[in-house]
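K.L.:
I'd like to ask you about the structure that follows.
The values are calculated or read from the model by the stated rules, or taken from the named source; none is laboratory data. Computed from a predicted model, the values in this text were never measured in an experiment. We place every Cβ from the backbone using ideal geometry, glycine too, and count neighbours over all the protein chains shown. To get the accessible areas, we keep the full protein, side chains included, count just its heavy atoms, and leave off ligands, DNA and RNA. Shrake-Rupley method; radii C 1.70, N 1.55, O 1.52, S 1.80 Å.
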Amino acid sequence: MSCGSKCATGCAGGTGRGCAGAGRDRIDEERRSFMRGAAASVMSLGAGVTLYAFDADPAAAREPGEKVTAKNRWGLLIDVSKCADGCSKCVTACQDENGWRDTGHPETDAQWIRTLTVKNPNNGATFSLPMMCQHCANPPCVDVCPTGASFKRADGIVLVDKHTCIGCRYCMMACPYKARSFIHEPLQDQKPYAPRGKGTVESCTLCVHRVDSGRIPACVEACNDTAGGAMLFGDLNDPSSEIAKRVTALRTTRIRADLGTDPGVYYRNI
Amino acid sequence: MPGIAYQKLEARQLLFWGPLALNAAVIAAGLGAAYVMEHSGHIVTGMNNQIVWGTPHVFAVFLIVAASGALNMASIASVFGRREYKPYARLSAILSIALLVGGLAVLVLDLGRPDRLVVAMTTYNFRSIFAWNIFLYVGFLVIVTAYLFVMMDRRASRSTALGKTVGGLAFVWRLVLTTGTGSIFGWLVARQAYSAAIMAPLFIAVSLLYGLAFTVIMLAITGWQSRQQLAGSEMLQKFRGLLIVFILAVFYFTLVHHLTKMYASEHYGIERFLLRDGGTYTAVFWIAQILIGSVVPLLLLVWPKSGTRHAAILIASVLVLIGGLAQMYVIIIAGQAYPLDLFPGMEVTSSFHDGRMAGYRASLPELLLGLGGVAIAMLICAIAVRLLPLLPRPAT
Ligand code: SF4
Ligand code: SF4
């Protein structure tokens, strides 16, 4: 049975086996631990990080069964000037969180997030930035998907419903950001909250399982805790959120905005 | 007005069963390949996260556009009222069905989850041109089958109006179908090689060409099997003329496509890649698509000494199909090999092959699956012409 876009957990990657209620207890537990964690982070970390904790407003943790609504639009703001050359903390954190990894087949291995090095051929100036699904408001991947497996939640998170993905890979042809990977091999050791499946397509879920329980994505957390604090997660629709304020006040860029995809990921200092 | 007589294929045992067994063997190999691909995953193919559509798509799209073009003879006969094409109408309809089934089989078996075919047939996203194509393909099969019935049923075939109506519907449907197939590529705004409305008429032109070439070859094969001359010299001259027109049309659209792209500096990169720096891809374009697929057949057909010979028309048709596969290869694979332009004007590198031309080498399972699709089409045709009176009477 397909739970489609109505699934409470967004079905980040249901494999076809009872995703509907499976995560309920887990979410409750995650919520409780998040509450504890949030309080701790406000106290123990300095002012800058308080913002992040506020940003992931505990109120944002949806009650189990509560509907995802367009009230929120989750997004990221990434300050590229804080990305050190060669840093890949966000990538490793995503791998650990979601269970995708390097199997020694670089051409076919999945990569939900990667670091890009961009060089100006005229003067040699370079910068690095993390690149993942941009959670487009007008996602071409969703438009082209024949079965509707590629879908956008009301809160802007773009996901693949693994029950209905037939593995046609048209979404990969259509995504302007090369954000998607096809699973070329049988998989082992999947994370229960991020199931994956051979023969289907996947991409960054914006850690939907965390977001639904009021936490921030793993990459953002890792960047804040162990790297330059370049990433900010939050609700672009909430004018009082830190991300919305910064996106309004600062000059930001969205990649290939000319294509009209309206990405939810903003970059600074590109 | 005398009726047109048709016949079943009467061939010596070996001439019929031999090719049939060969086709069956290729199909078995193709199915085996599909099983391996499904069991071990697409890791056994040359496809990867850069080239997501590989050789199976080359064959599938090739067969699907050829299917629409194969209906040429029937359309010319019924829609445009040219009676001399009528003897070939039934063959053209069955060939059309067979090619489409072959192409679709490859497309489905190349899915990551072919076992979810039911999902694909029951869950639709109507914003997807791909989903529309599923309708177009199924509709095409239904309409052409009905058309074949109208042509063959004694009562129904007496009504010219009915024939014209169903034939007209099939004609419109095939144009829409090819437009839809071209749009699968033409609407991909993110890819430099695609994103062009001209891909739709280009696909219509290629479909006319490949479809006609398949028809000529089919007539030659069944003629060889039945030891008869199924198309007279006069008819072959008509085929020759059409082949020339269609080759020129494909050439024209290809030229305009590239010229349009070259005009915009943002597309210099992809054009340089396809036409000059793309290594194998460039070689396939110039040697297989242009030289073998267009120039040589064109010369064979227009050169007075060879043009009127049956063998030349047959060879030209075979070359056209080789060129057709090459054209699909260039459109589908080379089109993906060129990297996405995330930061126009900048050089991008990453662990995910950003900014690099992607390599691709077709693997055996992919090739077998693709050839299996061709064999499915041939097998359907072979059985149909043996069981039903679909072939024209020998030319006098
Ligand atoms: S970045 Fe690609 S995969 Fe993500 S929403 Fe946009 S088009 Fe879809
Ligand atoms: S691969 Fe899956 S998610 Fe992507 S377009 Fe096909 S069915 Fe949709």
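K.L.:
Give the lysines whose C-alpha is closer than 21 Å to that of A:K82, dropping any in the same chain fewer than 8 places away, or say none.
P.N.:
Leaving aside lysines fewer than 8 places away in the same chain, those within reach of A:K82 are A:K119, A:K245.
K.L.:
Further, regarding this structure: Taking beta carbons within 10 Å but only from partner chains, what does the mean come to for residues B:119-125?
P.N.:
On the way: counts 9, 6, 2, 2, 11, 3, 11.
For this peptide, the per-residue mean of nearby foreign Cβ atoms is 6.
K.L.:
Over chain B, what is the relative contact order in percent, taking alpha-carbon pairs closer than 8 angstrom and at least six residues apart?
P.N.:
Values: 604 pairs, mean separation 131.3, N = 396.
Averaging sequence separation for qualifying contacts and normalising by length gives 33 percent for chain B.
K.L.:
Mean residue ellipticity at 222 nm from the helices of the protein assembly as shown, using -39,500 (n - 2.57) per DSSP H segment of n ≥ 4 over the full residue count, to the nearest 500 deg cm²/dmol? Spell out each step's value before the answer.
P.N.:
Numbers: 24 runs with 328 residues, N = 666.
Value at 222 nm, helices only, nearest 500: -16000 deg cm²/dmol.
K.L.:
Additional query: Select from B:R12, B:R90, B:R174 the residue whose mean-square fluctuation is largest in a Gaussian network model of chain B (Cα-Cα springs shorter than 10 Å).
P.N.:
Evaluated over chain B, the most mobile residue of the options is B:R12.
K.L.:
Can you give me the long-range amide H partners of B:Q7? Hydrogens built in the peptide plane at 1.01 Å from N, cutoff under 5 Å, separation of 5 or more residues or another chain.
P.N.:
B:L390, B:L391, B:R393
K.L.:
Could I ask something else about it? Let me confirm one metric for peptide B:44-51, namely the mean number of other chain beta-carbon atoms within 10 Å of its residues' beta-carbons. Walk me through the intermediate numbers first.
P.N.:
Working: counts 2, 2, 1, 5, 8, 16, 4, 1.
That works out to 5 on average.
K.L.:
Let me ask another. Taking a virtual spin label 7 Å from the Cα of B:A5 along the C-beta vector, which residues in region B:354-396 bring their backbone nitrogen under 20 Å of it?
P.N.:
Under cut-off, by backbone N: B:385-396.
K.L.:
For B:F343, which sequence-distant residues (separation of 5 or more, or a different chain) have an amide H within less than 5 Å of its own amide H, given hydrogens modelled in the peptide plane?
P.N.:
Sorted by chain and number, the residues that satisfy this come to none at all.
K.L.:
Given points 7 Å out from each Cα along the Cα-Cβ axis, report the B:R361 to A:K71 separation in nanometres with one decimal.
P.N.:
Each label point is offset 7 Å from its Cα along the Cβ direction, giving 5.7 nm.
K.L.:
Per-residue Cβ counts within 10 Å, from other chains only, averaged over B:353-363: what number is that?
P.N.:
2
K.L.:
Compare B:E347, B:E366, B:E266 in a GNM of chain B, Cα atoms joined below 10 Å, and give the one with the largest fluctuation.
P.N.:
In the Gaussian network model the winner is B:E347.
K.L.:
So how far apart, in nm, are the two label points at A:K191 and B:I322 if each is 7 Å from Cα heading toward Cβ?
P.N.:
So the label points at A:K191 and B:I322 sit 5.3 nm apart.
K.L.:
For a label point 7 angstrom out from the Cα of B:S40 toward its Cβ, which stretches of region B:105-126 have the backbone nitrogen within less than 19 Å?
P.N.:
It comes to B:109-114, nothing else.
K.L.:
What full-extension length gain, to one decimal in nm, is calculated for A:E63 and A:K119 as 0.36 nm per residue of separation minus the Cα-Cα distance?
P.N.:
Going from the current span to full extension adds 15.6 nm.
K.L.:
May I have the count of lysine pairs in chain B with C-alpha atoms under 26 Å apart, counting pairs 8 or more residues apart or located on different chains? List each step's numbers first, then the result.
P.N.:
On the way: B:K8/B:K86; B:K8/B:K164; B:K8/B:K238; B:K86/B:K164; B:K86/B:K238; B:K164/B:K238; B:K238/B:K305.
Step by step, the pairs that qualify in chain B add up to 7.
K.L.:
Please state the shape class of the protein assembly as shown: rounded when a/c is under 1.5, otherwise prolate if a/b exceeds b/c and oblate if not, all from the C-alpha gyration tensor. Working shown, then result.
P.N.:
Details: a/c = 2.64, a/b = 2.07, b/c = 1.28.
It is prolate, given that a/c is not under 1.5 and a/b is the larger ratio.
K.L.:
Could I ask something else about it? How would region B:292-389 be classified by its alpha-carbon gyration tensor: rounded, prolate or oblate, with rounded meaning a/c under 1.5 and the a/b versus b/c comparison settling the rest? All intermediate terms of the calculation are to be shown ahead of the outcome.
P.N.:
Numbers: a/c = 4.14, a/b = 1.71, b/c = 2.42.
Oblate shape, in that a/c is at least 1.5 and b/c is the bigger or equal ratio.
K.L.:
Another question, then. Which FRET efficiency value, to the nearest 0.05, is calculated for B:T280 and B:S233 with the Förster distance at 51 angstrom and r the Cβ-Cβ distance? Could the numbers behind the result be given before it?
P.N.:
On the way: r = 41 Å, r/R0 = 0.80.
According to the calculation, E is roughly 0.80.
K.L.:
Another question about this same structure. Pop the C-beta distance of A:S240 and A:A84 into the FRET formula with R0 = 30 Å and round what comes out to the nearest 0.05.
P.N.:
Values: r = 31 Å, r/R0 = 1.03.
My answer for the efficiency is 0.45.
K.L.:
Rounded to whole Hz and in sequence order, give me ³J(HN,Hα) for region B:150-156 from the Karplus expression 6.51 cos²θ - 1.76 cosθ + 1.60, θ = phi - 60°, writing x for Gly and Pro.
P.N.:
4, 6, 9, 5, 5, 6, 4
K.L.:
Something else about it: Under 5 Å between amide hydrogens, which residues at least 5 positions from A:Y266 or on another chain qualify, with H placed 1.01 Å from N in the peptide plane?
P.N.:
Result for A:Y266 returns A:L76, A:L77, A:I78.
K.L.:
Also, I was wondering about something else. Under 1.5 on a/c is rounded, so check that first for region A:133-180, then, if it is not, pick prolate when a/b is larger than b/c and oblate when it is not; a ≥ b ≥ c are the square roots of the alpha carbon gyration tensor eigenvalues.
P.N.:
Numbers: a/c = 1.80, a/b = 1.14, b/c = 1.57.
Oblate, since a/c reaches 1.5 and b/c is not below a/b.
K.L.:
Follow-up. Under a 10 Å cutoff between Cα atoms, tell me which one of B:A161, B:A220, B:A11 has the largest fluctuation in the Gaussian network model of chain B.
P.N.:
Answer for the Gaussian network model of chain B: B:A161.
K.L.:
Moving on. When only Cα pairs under 8 Å and 6 or more residues apart are kept, what is the percent relative contact order across region B:1-149?
P.N.:
On the way: 104 pairs, mean separation 33.3, N = 149.
It comes to 22 percent, rounded to a whole number.
K.L.:
Now for a separate question. Need one number: % antiparallel among DSSP beta bridges in the protein assembly as shown, to the nearest 5.
P.N.:
Details: 25 of 29 bridges.
In the protein assembly as shown, DSSP labels about 85 percent of beta bridges as antiparallel.
K.L.:
Next question, about the same structure. Obtain the nm distance between the two label points defined at B:S306 and A:A154 by a simple spin-label model: each point lies 7 Å from its Cα along the Cα-to-C-beta direction.
P.N.:
It is 6.8 nm.
K.L.:
Quick one: how many Å² of B:L208 are accessible to a 1.4 Å probe, rounded to 10?
P.N.:
Answer for B:L208: close to 40 Å² accessible.
K.L.:
Hey, another quick one. What list of ³J(HN,Hα) values in whole Hz, one per residue of region B:184-194 in order, does the Karplus curve 6.51 cos²θ - 1.76 cosθ + 1.60 (θ = phi - 60°) give from phi, with Gly and Pro shown as x?
P.N.:
Running phi through 6.51 cos²θ - 1.76 cosθ + 1.60 with θ = phi - 60° gives 3, 8, x, 9, 8, 5, 6, 9, 4, 6, 9 Hz.
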